[in-house]
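What follows draws every value from the coordinates through simple rules; no lab data is involved. Source: prediction; values computed, not measured. All Cβ positions, glycine included, derive from the backbone under ideal geometry; neighbour counts span all protein chains shown.
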Amino acid sequence: MFKYLKYFFAIIFAHLFAKNIPILVTLCVTHRCNMRCIYCYGHFYDRKEPDMSTNDILHLIDEMSAAGTKYISLNGGEALLRDDLDVIVDKIRAKGILCHLSTNGLLVRHKVHLLKLIDSLAISFDGIGQANDLNRGQGMYPRVLDAIIFLHEQKIPFHTHTVITKNNSMDIGSILDLAEKYKFQAQFSLCRVKDSPVKDIGLGDDELKVVVGKILDYKKQGRPVFFSRHAYESYLSWPFSYDIIKVDENGNNFSMVRRRCYVKRFSCHIEPDGSMYPCIVLSGKSHSINVLSAGFKTAWVKIIQNPCLACYNICCNDLNLVFGLDYKSLRNALGIVLARLNREKKA
Ligand code: SF4
Ligand code: SF4
């Protein structure tokens, strides 16, 4: 609980003293992956370029801690493919920093001791049977379901992450049924036709609105939807086509966007080669600065000057609402944390 309080008070402190602090860092530790999802925007299954070394990452964690980081989110590719992930997680814990891990679930049974040390765990899951496998590769559904049941039996708290495409947009209710059975929350994000490498599975503007409206209805019914109501409502109130993914401070129509971005003021994203971006949405799409050559703090001070100030990305909106101290989103986040701690206590 103490680490969550430190995280929350860091946000309050940043507001009170009008500071920019990298309170949360998403750290992509590898681009390698052992799955082959049809929508993978990075073609991570074929990537072989070297990742940051163990020493580089350990040094980086020291620099993040000194800069005020209270939450590190480890992702990939598939982060569990790194043999040194236990050393990285130990270092994060030794610094008193919250540690989140995103995984595709295939290595869960081999890494159970490591997973028990993680504060927050997300596992990718795209639906029941073919709904999952049409997105994530044939034969993956039984393996991911096995991982979900295993985590449930081990009493390791987790939530799922689903990317909605045309293959699984009818499966949201079934995913929530499974969530209720195995006591997890389900997080949903969307695959737009324009972003998808496979155009016929992506959703157009009207379809996106229908799907998000459906998720919002489930949330209102008290079903275990991970993101807050306001995050989905912000998505629906985006005043442009979803082809416009972000608005810059000097861009046309900026005045039409009601909520401004705290995400880049209180967080950043780092790629496996050390490139820092303001957030995961802008990864590979905007100017970056390498933390290995510039140092974390220098890179952070420069990267925050990016003019991007609003977007509709649901994950970023949910985080933005928490960073912006939105009451309903904070209450949603608190409910998730308390459920997680309660489950850990029972384990
Ligand atoms: S699990 Fe993630 S990184 Fe791996 S192929 Fe699928 S979308 Fe890409
Ligand atoms: S508005 Fe969205 S895309 Fe822009 S910096 Fe913030 S989180 Fe990133």
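Computed from backbone phi, the HN-Hα couplings of region 166-178 come to 5, 5, 10, 5, 8, 9, 4, x, 5, 5, 5, 4, 5 Hz, rounded to whole numbers (Karplus: 6.51 cos²θ - 1.76 cosθ + 1.60, θ = phi - 60°; Gly and Pro given as x). The string of couplings for region 187-199 from the Karplus curve (6.51, -1.76, 1.60, θ = phi - 60°) is 9, 10, 10, 10, 9, 7, 4, 6, 7, 6, x, 10, 4 Hz, one whole number per residue in order, with x for Gly and Pro. Between the amide H of T162 and those of F125, Q187, F188, S189, distances stay under 5 Å, these residues lying 5 or more places away or on another chain, with hydrogens modeled in the peptide plane. For L203, the residues whose amide H sits under 5 Å from its own are C191, R192, V193, ignoring neighbours fewer than 5 places away on the same chain, with H placed 1.01 Å from N. Working note: Karplus 6.51/-1.76/1.60 with θ = phi - 60° gives region 277-294 the couplings 10, x, 6, 5, 4, 8, 4, x, 10, 9, 4, 10, 10, 7, 6, 6, 8, 8 Hz, where Gly and Pro are set to x.
The shape of region 83-204 can be summarised by an equivalent ellipsoid whose semi-axes, obtained from the alpha carbon gyration tensor, come to 27, 16, 13 Å from longest to shortest.
Cβ-to-Cβ counts within 10 Å put H113, H15 in ascending order as H113, H15, the fewest first.
From its DSSP helices (H runs of at least four residues, each -39,500 (n - 2.57)), the chain gives a residue-normalised ellipticity at 222 nm of -12500 deg cm²/dmol. Taking a sphere under 12 Å around the Cβ of V322 and counting the other residues whose Cβ falls inside, with K and R at +1 and D and E at -1, yields a net charge of 0. Pairs K91/K264; K111/K183; K155/K214; K48/K116; K116/K155; K183/K219: which exceed 18 Å Cα-Cα? Check vs 18 Å cut-off fails for K91/K264; K111/K183; K155/K214; K48/K116. Charged neighbours of V225, selected by a Cβ distance under 12 Å, balance to +2 (K, R count +1; D, E count -1). Residues considered: G76, G139, G324. Largest GNM mean-square fluctuation over the chain, using C-alpha springs under 10 Å, is found at G139. Under 5 Å from the amide H of N290 lie the amide H atoms of M276, each residue being 5 or more positions distant or on a separate chain, with H modelled from the backbone and absent for Pro and chain starts. Computed from label points 7 Å out along Cα-Cβ, the spacing between N20 and D217 is 4.3 nm. Computed extension gain for A94 through L5, at 0.36 nm per residue and net of the alpha carbon distance, reaches 30.4 nm.
For region 210-330, the dipole from Cβ point charges (+1 on Lys and Arg, -1 on Asp and Glu) about the Cα centre works out to 360 debye, to the nearest 20. Where does the charge balance sit around M35 when Lys and Arg score +1, Asp and Glu -1, over other residues with C-beta under 10 Å from its C-beta? Summing Lys/Arg as +1 and Asp/Glu as -1 gives +2.
In the chain, the ratio of gyration radius to Kirkwood radius, Rg to Rh, stands at 0.93 when only Cα atoms are counted. Of the beta bridges in the chain, as assigned by DSSP with both residues counted there, near 20 percent are antiparallel.
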